[in-house]
Amino acid sequence: MFLSLEADLTLEKKSIQREEKAAIASLKSFLTPRSVAVIGASPRATALGNRSFTCLLYGGFKGTVYPVNSKGDSVAAVKAYSSIMDVPGEVDLAVIVVPADAVQTIVEQCGRKGVRGIVVISAGFGEAGPEGIARQNKLLATVRSYGMRMVGPNCMGIINTAPEINMNATFAPVFPPNGRIAFGTQSGGLGLAILEYAKNLNIGLSTFVSIGNRADVSSNDLLQYWKEDPATDVILLYLESFGNPRKFAHVARNVTVSKPVVVVKSGRTAAGARAAASHTGAMASTEVAAEALFKQAGIVRVSTLEELFDTAIVLANQPVPRGRKVAIITNGGGPGILTADACADKGLEVPILSEKTRSGLKKLLSPQASVSNPVDMTADASYNEYKGALQLLVQDENVDIAIAILVSPVKERTEFVAKAIREVAPDFKKVGKTLISSFMGQHGVAQELVSKGEIIVPSFTFPEASAIAIAKACEYGEWLKKPKGNIPELSGIDREKAQTVIKSAREKNPAKPLWLDAETVDELLRCYGVKTVPTRIAANAQEAARIAGELGYPVALKLYSKTISHKTEVGGVALNLHNAAEVSKAYQKMKENLSAVGRVAEMQGVTVQPMVTSGTEMIVGVTQDPSFGPLMLFGMGGVYTELFKDVSMRIHPLTDTDAKEMVRSVKAFQLLEGWRGSKRQDVASIEELLLRISAMLEDIDEIKELDLNPVKVQEEGKGYIVVDARILLT
């Protein structure tokens with residue numbers, strides 16, 4: 001039986017909807033203001049306050065602009081006011097460009113004036129150490145006490161390119177063309193470069209927001225606003241960190257079902273801060289958590305700002321790719337081959353064209369042309385040949401995406417190829433196929449492919465960039481098609497008994513954090529229907545031999561220690577013991593091994609288990625990320641877990657779709673499927689195990705780390721068995 005996410009998350013969705021309405025209403029004062037006051041506007045041309053005011057004034061803002069400075073000096077021949085309180089009429093938005101220690105007083109005045117939104121460009125707050133953090137906290141409290149919203153502090157400002165608004169409330173003189181792409185950035189320093197890049201490449205933006213320290217308005221607010229913004233089709237974000245990752249995931253998942261969200265996040269190589277107390281903890285990092293969040297929320301992640309814009313212009317101007325089959329036409333063989341190689345590297349397919357298409361190409365093109373894929377039409381390919389070849393690709397069922405490449409220094413040739421592409425583009429859009437171009441050597445979107453300010457077909461300087469952008473667009477298309485999943489209602493779970501087990505363990509040992517002993521771990525797992533090998537603890541060699549006889553030979557002996565995590569590294573595992581003598585000898589050998597490294601005092605005994613010889617060794621794990629919450633891990637298990645690091649991670653809670661994806665996204669899945677004639681393993685049972693552990697996490701939030709390693713997955717229909725398990729409680 002499955003419990004629909006729609007039912008499970010009703011309260012959460014209603015909360016998101018309420019927040020979305022509030023965010024949209026509050027951000028209107030920022031992005032569609034009727035009047036703006038620039039506080040700190042200066043008559044000095046080099047001053048930041050002067051640039052902030054003149055960008056609004058000379059940029060053609062359709063509302064009213066008021067300069068405010070303490071001396072009341074005019075700015076750019078416009079009468080200035082010595083205080084926001086002196087400004088006649090209402091002020092929707094205030095842009096504050098004064099020293100940090102003066103901002104608090106200004107914001108209090110804005111609150112009394114009834115200003116609804118403030119943009120604090122001034123630095124010297126949360127980014128400036130303890131004193132700045134205290135200043136920012138006080139500022140935020142004031143903002144909220146007056147019911148205002150704040151962008152910043154330490155930001156670059158905001159832009160709305162809509163012709164009826166035409167607002168440049170930044171200190172950057174660069175105003176991008178109007179378009180369908182919204183951009184939000186945490187970095188003010190990157191803002192100017194972003195705007196210049198967009199303008200130089202002829203890429204239009206709907207709105208631009210630099211959120212700086214995001215003390216109030218965050219990327220979550222922007223996502224909610226842009227989701228309902230009719231002027232925005234694609235959302236771009238540059239992130240340095242997450243404010244509230246769990247909320248971000250919920251909000252983003254709600255947005256990506258209707259609009260693509262493309263993100264570049266810095267800090268990819270930062271090491272995780274958690275201690276590696278388990279296999280799972282050793283392989284989890286904040287970067288891994290971020291990647292898991294993006295995958296589950298349907299966010300397209302790219303590595304660079306260039307990839308960010310390249311992906312955006314495809315998603316904003318073409319249908320989302322319906323598949324990964326790419327056809328390439330070119331007037332140069334080399335670029336065609338480079339493009340085909342780049343496509344293959346990015347997981348795209350360059351298929352054989354249909355017989356009908358190849359036959360049509362032979363009739364259309366010169367005898368010297370190659371009609372395989374890539375289609376090399378030769379250097380002197382004409383307007384008719386480009387147009388005819390593209391028309392054939394529109395009808396080819398083996399083609400989802402077409403790339404038209406032109407190599408030519410002659411402007412006239414660029415114009416006629418662009419004309420051919422423009423004329424065929426509506427046919428591609430009509431059947432839901434993606435069309436892009438590469439006018440090699442021409443930087444940015446070809447002007448010939450822009451009409452009335454809108455890009456008809458994206459173009460790229462080099463074909464390799466087109467392959468990256470298409471692959472990212474395909475990722476989004478595949479996520480849209482993917483079932484969103486259900487949280488299953490699992491049978492055989494005894495939650496009351498599980499709580500009793502936890503309570504009893506706490507009473508026996510109140511230490512925090514607390515590693516549960518092997519027998520308690522086994523009992524707790526069985527409360528959630530997890531299949532474990534029988535595990536008994538022995539305090540000495542004689543007791544180990546007795547327990548082994550009761551369990552039945554052969555058995556495995558494993559070091560029992562609350563402080564030693566990796567038993568094999570200290571000689572703490574003995575397998576295939578067939579009698580009492582072998583058990584006693586193995587016990588003594590473990591003590592000797594530990595004595596040799598000075599750790600014998602850490603040995604509390606051994607665990608004794610019947611041998612499980614068959615099955616593929618996998619790992620299932622959990623670790624707590626301080627920001628993201630519980631992270632779940634699946635992958636290749638056994639002693640080589642950390643060596644190969646063939647694992648996948650997701651953020652709890654898991655849906656059935658998440659569990660399927662986790663299992664299938666590791667290379668070791670090929671072993672489970674039946675590698676080179678071996679029998680298929682019980683994949684369904686391991687998916688259920690992941691869901692049962694997720695259910696355990698939902699009920700027991702004290703679990704800090706969990707390792708099930710190895711989990712022996714048996715032949716199809718025979719399930720799995722957990723051979724070794726460790727659980728740490730907070």
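The values are calculated or read from the model by the stated rules, or taken from the named source; none is laboratory data. In this text the structure is predicted, and so the values were computed from the model without any measurement. Cβ: placed from backbone, ideal geometry, glycine included. Neighbour counts: every protein chain shown. All accessible areas refer to the heavy atoms of the entire protein, side chains included, with ligands and DNA or RNA removed. Shrake-Rupley method; radii C 1.70, N 1.55, O 1.52, S 1.80 Å.
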Whole-number Å³ per residue for the convex hull built on Cα positions in the range 655-730: 90
Accessible-area value, Ile39, 1.4 Å probe, nucleic acids and ligands omitted, Å²: 10
Surface accessible to a 1.4 Å probe, Ser258 within the full protein complex, Å²: 70
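Can you classify the range 196-258 as rounded, prolate or oblate using the Cα gyration tensor, where a ≥ b ≥ c are the square roots of its eigenvalues, rounded means a/c under 1.5, and otherwise it's prolate if a/b beats b/c and oblate if not?
Taking the square roots of the gyration eigenvalues as a ≥ b ≥ c, the range 196-258 is oblate.
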Rounded to 10°, Cα long-axis angle of helix 10-31 versus longest principal axis of the chain: 30
Net charge, Pro335 excluded, C-beta distance under 13 Å - Lys, Arg +1, Asp, Glu -1: -3
Prolate/oblate/rounded label for the range 142-252 (Cα gyration tensor, a/c 1.5): prolate
Nearest 10 degrees, 0 to 90: helix 541-551 Cα axis against the chain principal axis: 80
Residue-normalised accessible area of the range 66-105, expressed per residue, 1.4 Å probe, Å²: 45
Sum of -39500 (n - 2.57) over DSSP H runs of 4+, divided by residues of the chain (222 nm, nearest 500): -12500 deg cm²/dmol
Convex hull of the range 512-553 built on C-alpha atoms - directionally averaged projected area, nm²: 3.9
Net charge of neighbours whose Cβ lies under 11 Å from the Cβ of Pro153, counting Lys and Arg as +1 and Asp and Glu as -1: 0
Share of alpha-carbon pairs per 5 Å distance bin for the range 595-716, given as whole %: 2, 10, 19, 20, 18, 13, 9, 6, 3, 0
Degrees separating the helix 100-113 axis from the principal Cα axis of the chain, which is the longest one: 70
Neighbourhood charge, 14 Å Cβ-Cβ cut-off, centred on Leu361 and excluding it, Lys, Arg +1 and Asp, Glu -1: +1
Value in Å of the Kirkwood radius, where the range 501-588 supplies the Cα pairs that are averaged: 14.3
Cα shape, the chain, gyration tensor, a/c 1.5 rule: oblate
Exceeding the 27 Å Cα-Cα cut-off - candidates Lys356/Lys411; Lys387/Lys433; Lys562/Lys589: Lys356/Lys411
The range 584-671: trypsin sites (Lys or Arg not before Pro) falling in loop per DSSP and having at most 14 other Cβ within 10 Å: Lys645, Lys667
Where labels lie 7 Å past Cα in the beta-carbon direction, separation of Lys645 and Asp341 in nm: 2.8
Simple label model, 7 Å out from Cα along Cβ direction - Ser614 to Leu490, nm: 2.4
